[in-house]
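The values are calculated or read from the model by the stated rules, or taken from the named source; none is laboratory data. Since we're looking at a predicted model, the values are computed, not measured. Here the Cβ is made from the backbone with ideal geometry for all residues, glycine too, and neighbour counts use every protein chain on show. All accessible areas refer to the heavy atoms of the entire protein, side chains included, with ligands and DNA or RNA removed. Shrake-Rupley method; radii C 1.70, N 1.55, O 1.52, S 1.80 Å.
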Amino acid sequence: MKFYDLILYGKVKTSEDELGNPIYKRDEVAINKGALTQWTKEDVDVLGRPYTENNRKLLTQASIEVLSASDEVHINGEMYKIVSIAQDFIRWRLCHIRKLNHVD
């Protein structure tokens, strides 16, 4: 398994538009290490092919607090949205992530 540097990003409210909707900017939460892992046959059976085709698994040592404060992650040259924190092991956290096609 190859580990990459990853940057976790959260959102910070900067202002509001004319209608009162919040405007956010991306803010760096933490830098850590992580690995993109493969789906198992059991994962595909439980989650379904459409889910596993559009999402990936990320294994990281980032804490639950850091992951909870993060919305996006940059790893291996790609930007992903954190869909869920799937499992919390003692040393590792497993997240489901989805690739962002358009990054602001």
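Quick notes on this one:
- Lys, Arg +1 and Asp, Glu -1 on Cβ, resulting dipole of the chain about Cα centre, debye, nearest 20: 440 debye
- Accessible area per residue in Å² at 1.4 Å probe, computed on the chain: 66 Å²
- Based on the Kirkwood approach, the hydrodynamic radius assigned to the chain is 14.6 Å, with every pair of different Cα atoms included.
- Amide H contacts of Phe3: none lie under 5 Å away among residues 5 or more positions distant or on a separate chain (H built 1.01 Å from N in the peptide plane; Pro and chain starts excluded).
- Net charge over other residues, Cβ less than 15 angstrom from the Cβ of Ala35 (K, R count +1; D, E count -1): +4
- Under 21 Å from Lys25, Cα to Cα: lysines that are on another chain or at least 8 residues apart: Lys11, Lys13, Lys81, Lys99
- Under 14 Å of direct C-alpha separation, and excluding same-chain neighbours fewer than eight residues apart, Lys41 reaches these aspartates and glutamates: Glu53.
- Net charge of the neighbourhood of Met1, taken over other residues with C-beta under 12 Å away and scored Lys/Arg +1, Asp/Glu -1, is +3.
- Helical mean residue ellipticity (222 nm; -39500 (n - 2.57) per DSSP H run of 4+; nearest 500) of the chain: -4000 deg cm²/dmol
- The eigenvalues of the Cα gyration tensor, multiplied by 5 and square-rooted, give region 1-46 an equivalent ellipsoid with semi-axes of 35, 18, 5 Å from largest to smallest.
- Accessible area of the chain belonging to carbon and sulfur atoms, whole % at 1.4 Å probe: 49 percent
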